[in-house]
Amino acid sequence: MKETLSNIREHLQKEGFVYLCRWAYRRVRDKWYERRLGIDTHGFIQWDDLGEDPDSVDYEPIEYTYLNVILDRCNIQAEQDTFIDYGAGKGRPVIHAARRPFKKVIGVELSSDLCAVANQNVENAKSKLACQDVEIVNMDATRFQVPDDASVIFFYNPFTGHLLESVAERIRESLERAPRKLTIAYVYPHWKQSDFFADFDWLTKRDELPGDPLEKCKVSFYESVVDVFTSAREQQSAAATCTPLGGALPSGDIPVDPVPAEAATL
């Protein structure tokens, strides 16, 4: 209760009365929505309570209003798309995504404590989910092998730096194995001038949402450039069919030096 009153005073002083009303309305609506589902994903946890890597980010769940807008922009194909949420926390995006007709929904989270809460939340909401194939994976995101049918990947600013670089590499590796259309929805702080995925040649920016005054963040939507990966596979296939200079010839084609005429008369 003290924390709530402190937040109200802080928002009133910094942002004004109108902002405070909108902030309070969203909080009340989120609480009501979660009560209907029988879950609780609220709270704030500092990054150093979740791990030791300074590239980790505090846990604070995205508001449902903003999450709805993001999912609406992902162009979901019913019973075909697989959704992955990095830094799943207590499971809010995972559960909300599973209320849509995804084929599978996966949440990747390092903290075993948060995973336990997320799993309980998923179990509580199970009867209200459109997608019943929901998995919470408790592991380091940099070691998580992206499934080759993953098609929608969500980041709510879960980590930065080398952690994000490693995860991006895991995504690229999956696309190399199975070239396909893949959408990335990346939510990042509004004070950043550019987002992390802007410079990858295997992604193209499809859409973006302006900064939300309550969330204090922006969203960029990227799609994989399938031609980058299909062209690479074609080049590798062509190279594999060529006989390298000085390489072995196929069996049965071993050349035989002609016998000199003089030797043949001996």
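Just so it is clear, none of the values below were taken in a lab; they were calculated from the coordinates. What you see is a predicted model; the values in this text were computed from it and never measured. We place every Cβ from the backbone using ideal geometry, glycine too, and count neighbours over all the protein chains shown.
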Check your understanding: K181: net charge of surrounding residues, Cβ under 12 Å, Lys/Arg +1, Asp/Glu -1, itself excluded?
Key -> -2
Revision key, fill the gap. Cβ-Cβ cut-off under 11 Å around N75, Lys and Arg +1, Asp and Glu -1: the net charge is -1
Revision key, fill the gap. Descending packing, highest mean Cβ count within 10 Å first, for 26-33, 101-108 is 101-108, 26-33
Review point. Cβ under 14 Å from V137's Cβ, V137 left aside: what net charge do those residues give with Lys, Arg +1 and Asp, Glu -1?
Key: -2
Check your understanding: Lysine pairs in region 43-229 with alpha-carbon atoms under 16 Å apart, 8 or more places apart or on different chains: how many are there?
Key -> 10
